[in-house]
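> Here you go, one structure.
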Amino acid sequence: MIIYNTTFHLEDNIEELWLKWMKETYIPLLLDTSLFTKQLFCKVLVDESMGGKTYSLQLFVRDMNTYNQYDNEYANKAKAVLKSKWRNQVLTFSTLLEQV
């Protein structure tokens with residue numbers, strides 16, 4: 001099992017609006033690819049020294065071939081949608097995890 005984890009750091013003043021957008025627009029866009037078997041959307045429980053809030057979206061895929069299909073066919077569009085909506089108000093980084 002491969003987990004595609006994206007961490008989002010956002011400004012405090014957009015949290016409520018961003019959460020609504022993530023749940024109603026962005027996560028459904030990703031799930032519409034039919035490549036992910038499960039998803040977890042979590043708030044990271046840390047005090048940010050520079051302010052803001054941090055969230056994690058974990059998307060599960062069966063194997064690396066499935067992840068590579070997402071990366072090749074859908075990832076750039078998803079990143080563009082996020083960037084065009086939130087510009088520099090949301091910073092992200094992604095990591096791949098393998099369940100052991």
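The values are calculated or read from the model by the stated rules, or taken from the named source; none is laboratory data. Quick caveat: nothing in here was measured; it's all calculated off a predicted structure. FYI the Cβ positions are ideal-geometry reconstructions off the backbone, even for glycines, and counts take in every protein chain you see.
> If you go through the range 62-72 one residue at a time, do you hit one that is under 28 Å from Asn13 (Cβ atoms), within 14 Å of the chain's Cα centre (by Cα) and either surrounded by 11 or more Cβ atoms within 10 Å (Cβ to Cβ) or not small (Gly, Ala, Ser) (or both)?
The answer is no; no qualifying residue exists.
> Right, another one. Please indicate, with yes or no, whether at least one residue in the range 76-93 is touching a strand residue (DSSP E or B) at 6+ places or on another chain (Cβ under 6 Å), loosely packed, with under 14 Cβ neighbours inside 10 Å and not aromatic (Phe, Trp, Tyr).
yes
> Right, here's the next one. With the requirement that a residue be farther than 17 Å from Thr92 by Cβ, without any contact (Cβ under 8 Å) to a residue 40 or more places away in the chain and β-branched (Val, Ile, Thr), what does the range 1-48 give you?
Once the filter is applied, which keeps residues that are farther than 17 Å from Thr92 by Cβ, without any contact (Cβ under 8 Å) to a residue 40 or more places away in the chain and β-branched (Val, Ile, Thr), the range 1-48 yields only Thr37.
> Pick out the one residue from Leu59, Leu17 that is within 18 Å of Ile2 (Cβ to Cβ), surrounded by 12 or more Cβ atoms within 10 Å (Cβ to Cβ) and under 16 Å from the mean Cα position of the chain (by Cα).
Leu59
> Tell me, please, whether a residue that is loosely packed, with under 15 Cβ neighbours inside 10 Å, farther than 18 Å from Leu96 by Cα and out of contact with any Phe, Trp or Tyr (no Cβ under 9 Å at 6 or more places or on another chain) can be found in the range 4-13.
For the range 4-13, residues loosely packed, with under 15 Cβ neighbours inside 10 Å, farther than 18 Å from Leu96 by Cα and out of contact with any Phe, Trp or Tyr (no Cβ under 9 Å at 6 or more places or on another chain): present.
> I've got another one for you. Just give me the residues in the range 2-44 being at pLDDT below 95 and either assigned to a loop (DSSP other than H, G, I, E, B) or in contact with a His (Cβ under 8 Å, 6 or more places away or on another chain) (or both), in sequence order.
Result: Glu11, single match.
> For Gly51, only one of the following conditions fails: (1) farther than 19 Å from His9 by Cα; (2) in contact (Cβ under 8 Å) with a residue 12 or more places away in the chain; (3) loosely packed, with under 13 Cβ neighbours inside 10 Å. What is its number?
With (1) farther than 19 Å from His9 by Cα; (2) in contact (Cβ under 8 Å) with a residue 12 or more places away in the chain; (3) loosely packed, with under 13 Cβ neighbours inside 10 Å applied to Gly51, the lone miss is (1).
> Are there any pairs with C-beta distances below 8 angstrom linking a residue in the range 79-100 that is assigned to a strand (DSSP E or B) to a residue that is exposed (fewer than 13 other Cβ atoms within 10 Å of the Cβ), with the two at least 6 apart or on different chains, and if so which?
What qualifies is Glu98/Met1.
> Separate question: Do we find that Asp47 is modelled with pLDDT under 95, over 21 Å from Lys77 (Cβ atoms) and of a type in the set (Asp, Glu) in this structure?
So Asp47 fits the description; yes.
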